[in-house]
1. Out of curiosity, is SER142 open to solvent by 10 Å² or more (accessible area, probe 1.4 Å), touching a residue at least 60 places away in the same chain (Cβ under 8 Å), among the hydroxyl-bearing types (Ser, Thr, Tyr) and closer than 20 Å to GLY78 by Cα?
2. Report, by residue number, each residue of region 306-334 that is open to solvent by 40 Å² or more (accessible area, probe 1.4 Å) and small (Gly, Ala, Ser).
3. Under 9 Å between Cβ atoms, which residue pairs at least 6 apart in sequence (or on different chains) link something in region 402-426 that is under 14 Å from ILE158 (Cα atoms) with a partner that is open to solvent by 10 Å² or more (accessible area, probe 1.4 Å) and of a type in the set (Asp, Glu)?
4. Does any residue of region 252-262 turn out to be open to solvent by 30 Å² or more (accessible area, probe 1.4 Å) and modelled with pLDDT of 85 or more?
5. Which count do you get for residues in region 201-223 that are assigned to a helix (DSSP H, G or I) and in contact with a helix residue (DSSP H, G or I) (Cβ under 8 Å, 6 or more places away or on another chain)?
6. I'd like to check something: does region 77-85 contain any residue that is crowded, with 19+ Cβ neighbours inside 10 Å, touching a residue at least 60 places away in the same chain (Cβ under 8 Å) and at positive phi?
7. Can you tell me which residues in region 319-334 are part of a loop (DSSP other than H, G, I, E, B) and touching a Phe, Trp or Tyr at 6+ places or on another chain (Cβ under 9 Å)?
8. Give the number of residues within region 493-517 that are crowded, with 20+ Cβ neighbours inside 10 Å and part of a helix (DSSP H, G or I).
Amino acid sequence: MELVSRQDPHLREVVWFAVCCRALTLLLQARSLLDFNPLFFFQAVFNLLIPDHAADAFSPPRLSEPGPWDLLLERLLGGLSRWDAEHFLFIAERGYLYEHNCAFFPLYPLSVRAVAEGALWPLQPLLRLRSRLLLSAVLLNSLFSVLAAAALYKLGCIVLRCRRVAFLAALLFSLSPANVFMAAAYSESMFAFLAFSAMWQLEKGQSWLSGLLFSLASGVRANGLINAGFFLYSRGKRFALQLQGGLGSVRKLPPLWKQLLSVASSVVLMCAGILLPFALFQYYAYVMFCGPGTGLERAVPQPLLQLALDKGYRLAATNGGRPPWCSQRFPVVYSYIQDAYWNVGFLRYFELRQIPNFLLALPVTLLGAWAAWTYIIANPRHCLTLGLERRKSEEEDKPRAGFCCHAVFVYVVHATVLLAFGFFCMHVQVLTRFLGSSSPVLYWFSAHLLQEREPLLWSEGTDNQTAAPRSEKSLLGKPPSSCGEGTPENPLVRLLTSCRLITPLSKCILGFFLSYWLLGLVLHCNFLPWT
């Protein structure tokens, strides 16, 4: 996939801005080493004011003594190995030793281990395996986050049909409220890259490549299974419009049964491919934890066995009793872990003591709900017919551009489903990174609001025009050719450098992105709870 094109200065600016944001993230989270470096001093102040929190999180013992280079790397990148990152790094090093490790899917830790044993193998004399895994995770996530920004830009250009909004949305992705999870040893960056790339390829008509990328995404995170809806909708819409378009010329179309058979076979194959990584991983967990004991516990180092005893962790392939989920009709370890270990379920998080976490998720909840409402109000008939009706205006007029164009419908539905599921059935504070790594709507709608409501952007030169879009109709009515090819000015930098002049709405949007971008680094890297 040609994500970076020399002929597209907007894409080059997206990549350059993403690289700069990622470099700044790594600098700000590093521990203070040189007092004269203002960036290190900035983080040192936070480390003094907010020392590492003694969190009751998964923290396996280190089995080998760190060398001087290990200590240096830990000082530089240790903030990115907190919370769930410990699970991913442990799985990459030891495999799925404990039952609750199976909540984290295998493709990301496998990739981290491959890079640590491959590209970073020359560092073996200097760094122990755990340090190389951490370095591998940081390098991979830096690469994936940059590529995800590029893929989001490409996707936006096709779906929104407006380079200006797609450009601003991709820049906002680099300042994502979920930034710290894009940098830490989490799977969010890899998932965002695979999901956005799959959506882009599907929009281009590359169904099989899109299916492969969606399948890989479902091997990274469980919510990748929901992405099968994009393929189902694409096939269903094409079939419905084909039938409506051929009503007056039935002879030109294959028999109906052949069309149905073709659609059904492609849908079944693609959905099976997307489901396959999930099913294989559940089968692997069943063999490991529900099969007969193999004496594997004898090969487990004593400190890890002791940790299992102290914390009540269930080890794989032991001679003890079978876990309860092994006896279920459909033994799915993932849903069992979410239920038994983290109390995830419908309305289970609706407690008075969770009000701070609901407040933490409030900005992304409001933004997601506002996006859905805006789209429904702009396209009521299109939403009622699920976009399956061929309208006469679509055949005669040029399709409108921007966030409210018809092509955005399936993405709004996807984001709304994720928002509703996350709000009612998950730990609500994870909504920010859940939506920020899974759906482009958060960035598209934010870019839409900034472009529509911010006068400073009405005269920007990203589309070689100086006139302002005076109304939503004028913006949405612009064809994709209005997006210019000249050297772009970064509109996000322009807004940030003129923060005193921008509207209150722009301040709220940018304040949300920047405050979560920075607070995530400060709190997460000091082992304090965050989204």
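The values are calculated or read from the model by the stated rules, or taken from the named source; none is laboratory data. Fair warning: this is a prediction, and the values are worked out from it, not measured in the lab. Cβ atoms come from the backbone with ideal geometry, glycine included; neighbour counts cover every protein chain shown. For accessibility, only protein heavy atoms count, side chains too; no ligands or nucleic acids. Shrake-Rupley method; radii C 1.70, N 1.55, O 1.52, S 1.80 Å.
1. On the way: open to solvent by 10 Å² or more (accessible area, probe 1.4 Å): yes; touching a residue at least 60 places away in the same chain (Cβ under 8 Å): yes; among the hydroxyl-bearing types (Ser, Thr, Tyr): yes; closer than 20 Å to GLY78 by Cα: yes.
So SER142 fits the description; yes.
2. Residues satisfying the conditions are GLY312, GLY320, GLY321, SER327.
3. Close Cβ pairs satisfying both conditions: GLY402/GLU452; GLY402/GLU472; PHE403/GLU452; CYS404/GLU472; HIS406/GLU394; ALA407/GLU203.
4. Taking every residue of region 252-262 in turn, none turns out to be open to solvent by 30 Å² or more (accessible area, probe 1.4 Å) and modelled with pLDDT of 85 or more.
5. Qualifying residue count, region 201-223: 16.
6. Within region 77-85, one or more residues are crowded, with 19+ Cβ neighbours inside 10 Å, touching a residue at least 60 places away in the same chain (Cβ under 8 Å) and at positive phi.
7. ARG322, PRO323, GLN328, PRO331, VAL332
8. Number of matching residues: 7.
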